[in-house]
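The structure under discussion appears below in the form of structure tokens.
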Amino acid sequence: MKYKNFVVGDFLIRGFSQSSIAIQFVIFLSALFGGFLFFSNIASAATYISGTISTNTTWTAANSPYVVSSVTVNSGVTLTIEPATVVKFQSTSSSLLVIGTLNVNGTSADKVYFTSIKDDAVGGDTNGDGSATTSAARDWSYIWVGGGTLNLNYAVVRYGGFYGSNGYGVNHNNTGSVNISNS
């Protein structure tokens, strides 16, 4: 087999047969477009959160969406959520228990969203399944205020719901305080 030099675009390729270059080019294109198709449904990097928050913490729009399984804000601790942050709950048993303080500081232009991981309308397709799942009431449990303080300003709470018959997204056990405005 005779080997030649080939020019592909602005590149000179030396010492390959024409058929081997064609094969390599097809493999390259397959890998490039196959990777694109595979990763095109995956949203930008999410921040996964579970367990106890035991020091003052701030969640930012830049690190969202935050994917929550079950999180507790300890007594004496403040979780602050900045404008335009998206918080997605991972499953029907996912919740956010507030024993300390939860300050949700959205604005009229940049609300904070608490929603289902199946909700692709905000924060993108976080679960990476395209349109295979759709969000619905009771996709996640609740934000429960159990002796702490919840300050909710310019927030949207959707697709949550306690597994009881009424389906609440925010629950309060009559201790602590809940302050909701512009939400």
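None of the figures in this text is laboratory data; all of them are computed from the coordinates on show. Keep in mind the model is a prediction, meaning the values are calculated, not measured. Neighbour counts are summed over all protein chains in view; Cβ atoms, including those assigned to glycine, are modelled from backbone coordinates with ideal geometry.
Key figures for this structure:
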| quantity | calculated |
| --- | --- |
| Label-to-label distance, nm, for residues given as residue 109 and residue 134 (7 Å Cα→Cβ offset) | 3.4 nm |
| Gyration tensor verdict on region 87-157 (Cα atoms; rounded if a/c is under 1.5, prolate if a/b is larger than b/c, oblate otherwise) | oblate |
| Distance between modelled label sites at residue 45 and residue 61, nm, 7 Å Cα→Cβ extension | 2.0 nm |
| Over region 47-181, equivalent-ellipsoid semi-axes from the Cα gyration tensor in Å | 22, 17, 14 |
| Ranked packing of 94-107, 67-80, 121-134, most packed first, by mean Cβ within 10 Å | 94-107, 67-80, 121-134 |
